[in-house]
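Inspection log for the structure reproduced underneath, given as structure tokens.
Please treat every number below as a calculation from the coordinates, not as lab data. This one's a predicted model, so the numbers in the text were calculated from it and none came from an experiment. Positions of Cβ are generated from backbone atoms using ideal geometry, with glycine treated the same way; all protein chains shown enter the neighbour counts.
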Amino acid sequence: MADIGKDIERPLGQSLPAKRSARRGIGGGTLAAAVAVLAVIGVSGAIALREKPFRKPEEVAVSTPKVVAAPATPAPPPAPAPVAATTPQASTPMKSGGPQIIHVQTEEGDGPPKAAIVIRDPSTLGQNLKIAHIPDRALIEASDTGPLPMRSADGRRPFDVYARPWSGARGARVAIVIGGLAVSQTGTQAAIAKLPAEVTLAFAPQGNSIGRWMQAARQSGHEIVMQVPLEPFDYPNVNPGRNTLTVSASPDENLKSLRWALSRTTNYTGVMNYMGARFSADTKAMEPFMAELGKRGLAYVDDGSSARSVAPGLALKDGVPFVAGDMAIDAVQDRGEILKKLDSLEATARAKGSAVGIGSAFDITVDTVTSWIAEAKKRGIEIVPISAVAIDPQKG
């Protein structure tokens, strides 16, 4: 009996303490404790032999959705869905064009659903650089001199389709247009390679290999515009080049010259004057010119060199997106002077919200603008394409 008492009193998996007497009998309290131990052992064994545990291991893992068996023949459990395929349940409304925060409902374990957040930045969407150089055929009208831009049958404009995306933020914005591309092959190559993609490039219609340079510029992320030669004062002593639009020419003659310039390449959002102080001040000469741009869905960029330009009023009348330059940044070909103009441009942008600088593809201009932009971004200035600062009558 002493051996039986010793076995019953011994805790499971342990030896009996040495100080307990081997000759001690079984008392009432000792017997009750033994019965309790046996009861615990029995219940534990019953739980272990149940067909199903209280909780499935896969239900404990919080990252795996619950699987509920169907009453009929059970189907194979579905594979876990990847995180990227999660379906948005609700989105926080944001200003059009700005970053969007999307709340996504996910189920985790037995607890309540939790929300994941996906931030969508429009500046990373909307422009596939691999195909940015490929024209949209719905926006092309064939002509004897080359492809002409036009509105599509569903109303889309080249101004919208070929625009470079930007953040849509309300901070200080600076747009810079560098013109004269395609005149010098080495200068054009350097400008496309060095200038940040946010800089808008303007092509001279008298240039060479414009189609090839357009493709290179668009694949590098640049928005582009086409320059159009307009009559300056003291013409023809000061001559902008071939097929200049003049005050003395008939509307048909000027439209023919305009269409020649427009057909030199594709994938641009608008046109910018090259010279043209006299032409842009003449309402009779400018009216058919601006009406043609409105019909074709193009913007007009006025370089701001003439205070007498009638372009702003006509652009509003003909539904033409309009941009006015605030200053020429490289009238003096000196790095220090160009930096002063760029700093002035930044001050204007902080005061007004945006500013537009116009320059040419000189080596000193390209290098100075490139280095200034890197620093301006650190100061919170956003460099945007010309379409981002346009006044668009069709969008109110």
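Can you give the Rg/Rh ratio of the stretch 245-396, where Rg is from the C-alpha atoms and Rh is the Kirkwood radius?
Value, to two decimals: 0.99.
Over 26 Å between C-alpha atoms is what I'm after, so list which of Lys130/Lys341; Lys340/Lys378; Lys295/Lys377; Lys130/Lys317; Lys194/Lys341 land there.
In this structure, Lys130/Lys341; Lys295/Lys377; Lys130/Lys317 exceed 26 Å between Cα atoms.
Can you pull out the trypsin sites (Lys or Arg not before Pro) in the stretch 122-191 that DSSP calls coil and that have at most 13 other Cβ atoms within 10 Å?
When the trypsin sites (Lys or Arg not before Pro) of the stretch 122-191 are filtered for loop state and at most 13 Cβ neighbours within 10 Å, Lys130, Arg170 remain.
Given Cβ point charges of +1 (Lys, Arg) and -1 (Asp, Glu) and nothing else, what value in debye, to the nearest 20, does the dipole of the stretch 137-395 about its Cα centre take?
620
In whole angstrom, how far apart do the alpha carbon centroids of the stretch 315-329 and the stretch 218-291 sit?
14
Considering only the stretch 137-395, what is the antiparallel percent among its DSSP beta bridges, to the nearest 5?
10
Classify the stretch 204-243: rounded, prolate or oblate, from the alpha-carbon gyration tensor (a ≥ b ≥ c, eigenvalue square roots; a/c under 1.5 rounded; otherwise prolate if a/b is larger than b/c)?
It comes out prolate by the Cα gyration axes.
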